[in-house]
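Here's the structure we're looking at; comments come further down.
The values are calculated or read from the model by the stated rules, or taken from the named source; none is laboratory data. From a predicted model like this one, the values you see are computed outputs, not experimental measurements. For neighbour counting, all protein chains shown are included, and Cβ atoms are generated from backbone atoms with ideal geometry for every residue, glycine included. With ligands, DNA and RNA removed, areas are computed over all heavy atoms of the protein, side chains included. Shrake-Rupley method; radii C 1.70, N 1.55, O 1.52, S 1.80 Å.
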Amino acid sequence: MPEFSFRVTAREGLSRRGELHTPHGTVQTPAFMPVGTRGAVKAVTGQQLRDTGAEIILGNTYHLYLKPGDSLIARCGGLHRFIGWDGPILTDSGGYQIFSLAAMRRIREDGAEFRSHLDGSLHHLTPERATEIQAQLGSDVAMVLDECIATPAPAPAAREAMERSVRWARRARDRFLQLRDSPAPIAVTNPGQAQFGIVQGATHLDLRTESVQATVDIGFEAYAIGGLSVVESPDVMYEVVGHTAPRLPDDRPRYLMGSGMPDDLIESVARGVDLFDCVLPTRNARNGQLFTREGPLSIKNARFAEDMSPPDPQCGCYTCARFSRAYLRHLFLAGEMTGATLNTVHNLYFYLDTMRRIREAILFGTFGKLRQEFHQTYSRRPHH
Ligand SMILES: [Zn+2]
């Protein structure tokens with residue numbers, strides 16, 4: 001089984017074009033990972049995902065642990081085989097979902113105690129357990145359990161969560177290395193799995209610096225920047241990313257967790273980030289919001305009732321090649337499932353095509369120009 005490795009193949013400023021090798025294939029970076037929460041990227045098949053250009057997907061440990069359970073998935077041969085996706089998969093640790101449970105969870109030094117959103121049953125997730133669950137799932141990249149906190153967070157609370165995250169990272173790494181030598185009774189379904197550490201520290205730059213040092217000292221295959229998907233202001237997020245990413249080892253991929261408006265992708269690549277995931281393209285597709293080169297478009301708008309143009313005239317996806325805004329609006333209003341599929345295909349293609357354009361631009365030294373053009377045509381404000 002090929003080892004996990006990463007190679008930077010071109011640079012422009014802080015941005016990097018690279019190749020990430022995993023036991024299930026190579027990922028061209030910078031890359032965007034569609035989110036397959038419960039073992040499926042909602043509304044699309046694996047083939048449709050491939051056709052949009054996806055090379056790696058994300059699975060949520062919290063959801064898969066609760067249903068159908070990591071032991072069942074291990075008995076079925078691991079997550080790749082179970083869901084019929086033979087490309088690379090990254091799993092999160094469950095920390096973020098547990099954080100989102102708010103009143104239904106309690107963080108202790110040992111781990112996180114939480115009640116299932118499905119049936120209210122009580123569960124205890126420790127850094128060791130989160131590592132074991134992901135070993136049974138057999139993802140190509142496992143994440144350590146971290147403590148995510150709401151922002152803005154006062155420095156003492158942010159420090160406490162950051163320091164606990166470091167202690168948890170150490171325990172997760174120890175368990176990960178133990179499993180390599182003596183896995184029983186855990187069924188390790190992907191012996192080539194890599195483990196990423198996560199940098200925390202909320203919006204406090206000094207805490208981010210400390211977290212980078214302590215997490216890199218433990219030693220992981222690569223590192224992620226966590227806790228920023230809950231930050232409201234893009235400027236604050238860019239400041240933290242700009243501070244943190246360049247401090248991470250240059251020869252390892254850097255993953256910005258959970259943030260990904262289209263302009264965030266460009267701005268974070270410009271600051272040295274290589275990997276992204278976000279539910280926005282898929283979730284917004286199901287809510288009728290389409291991303292286009294001219295900004296977001298709400299397909300339910302009455303002005304599209306007889307608009308026979310494609311959602312995005314510049315897009316090369318299956319949806320834009322065949323279908324009109326009028327038809328997609330009709331499907332949405334009628335509640336037809338096909339509408340969610342066609343919207344998702346378009347939004348994912350838009351994201352993955354943006355990443356393709358970014359990679360090409362870095363290769364040809366035109367990323368700075370692309371970044372400028374992108375901001376002239378794309379805006380967070382809806383145009384329609
Ligand atoms: Zn399209």
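Calculate the FRET efficiency for GLU109 and ALA40 from the Cβ-Cβ distance with a Förster distance of 30 Å, rounded to the nearest 0.05.
The pair GLU109/ALA40 has a calculated efficiency of 0.30.
If you wrap the chain's Cα atoms in a convex hull and average its projection over all directions, what's the area in nm²?
On the way: hull surface 72.9 nm².
With every direction weighted equally, the projected area is 18.2 nm².
Charges were assigned to the Cβ only: +1 to each Lys and Arg, -1 to each Asp and Glu. The resulting dipole of region 82-176 about its Cα centre is roughly 300 debye.
Model label points for HIS375 and LYS67, set 7 angstrom from Cα along the Cα-to-Cβ axis, are 4.4 nm apart.
Indicate, rounded to the nearest 5 percent, the antiparallel portion of the DSSP beta bridges found entirely in region 1-104.
Taking every DSSP beta bridge with both residues in region 1-104, the antiparallel ones total about 70 percent.
Which Cα, out of GLY242, VAL199, THR282, lies furthest along the positive dipole direction of region 145-293 (beta carbon charges, K/R +1, D/E -1)? Most positive-ward Cα: THR282.
Between the listed residues ALA158, SER71, ALA302, the Cα displaced farthest toward the positive end of the dipole of the chain, a dipole computed from Cβ unit charges relative to the Cα centre, is found at ALA302. Short-range pairs are left out: with C-alpha atoms under 8 Å and at least six residues apart, the relative contact order of region 9-92 is 29 percent.
Projecting the Cα atoms of SER139, VAL8, ALA214 onto the dipole axis of the chain, where Lys and Arg carry +1 and Asp and Glu carry -1 at the beta carbon, places SER139 farthest toward the positive end. Under 18 Å from a label point set 7 Å out along the Cα-to-Cβ vector of ARG75, the amide N atoms of region 122-146 belong to 133-138. Per-residue ellipticity at 222 nm from helix content only, as computed over the chain with -39500 (n - 2.57) for each DSSP H run of at least four residues, stands at -12500 deg cm²/dmol.
Legend: calculated FRET efficiency, ARG322 to ASN301, from the Cβ-Cβ distance at R0 = 22 Å, rounded to 0.05, equals 0.60. Measuring from centroid to centroid over Cα atoms, what is the spacing of region 13-61 and region 293-318 in Å? Here the answer is 25 Å between Cα centres. Charges were assigned to the Cβ only: +1 to each Lys and Arg, -1 to each Asp and Glu. The resulting dipole of the chain about its Cα centre is roughly 620 debye.
Would you mind putting 57-69, 304-316, 41-53 in packing order, based on average other-beta-carbon counts within 10 Å, highest first?
Values: 57-69: 20.9, 304-316: 15.3, 41-53: 17.9.
So the order, starting with the most tightly packed, is 57-69, 41-53, 304-316.
When you count the other C-beta atoms within 10 angstrom of each residue and take the mean per peptide, 222-228, 354-360, 167-173 line up highest first as 222-228, 167-173, 354-360. Rolling a 1.4 Å probe over the protein heavy atoms gives the chain an accessible area of 41 Å² per residue. Rolling a 1.4 Å probe over the protein heavy atoms of the chain, with every protein chain left in place, gives an accessible area that is 50 percent carbon and sulfur. Among ASN190, ASN284, ASN347, the largest mean-square fluctuation in a Gaussian network model of the chain, built with springs joining Cα atoms closer than 10 Å, belongs to ASN284. If you plug the beta carbon distance of VAL8 and ASP86 into 1/(1 + (r/R0)^6) with R0 = 30 Å, you get a FRET efficiency near 0.70. When the chain is treated as a Gaussian network with alpha carbon springs shorter than 10 Å, the biggest mean-square fluctuation among VAL240, VAL35, VAL144 belongs to VAL240. Fraction of C-alpha pairs exceeding 12 angstrom in region 195-245: 58 percent, rounded to a whole number.
Based on Cβ point charges of +1 for Lys and Arg and -1 for Asp and Glu, what charge dipole magnitude is obtained for region 1-146 about its Cα centre, in debye rounded to the nearest 20? If you can, show how the numbers build up before the last one.
Numbers: 15 positive and 16 negative charges, 61 e Å.
Magnitude of the dipole: close to 300 debye.
Between ALA74, ALA334, ALA161, where does the largest GNM mean-square fluctuation fall for the chain, given springs only between Cα atoms within less than 10 Å? Taking springs between Cα atoms under 10 Å, the residue moving most is ALA334.
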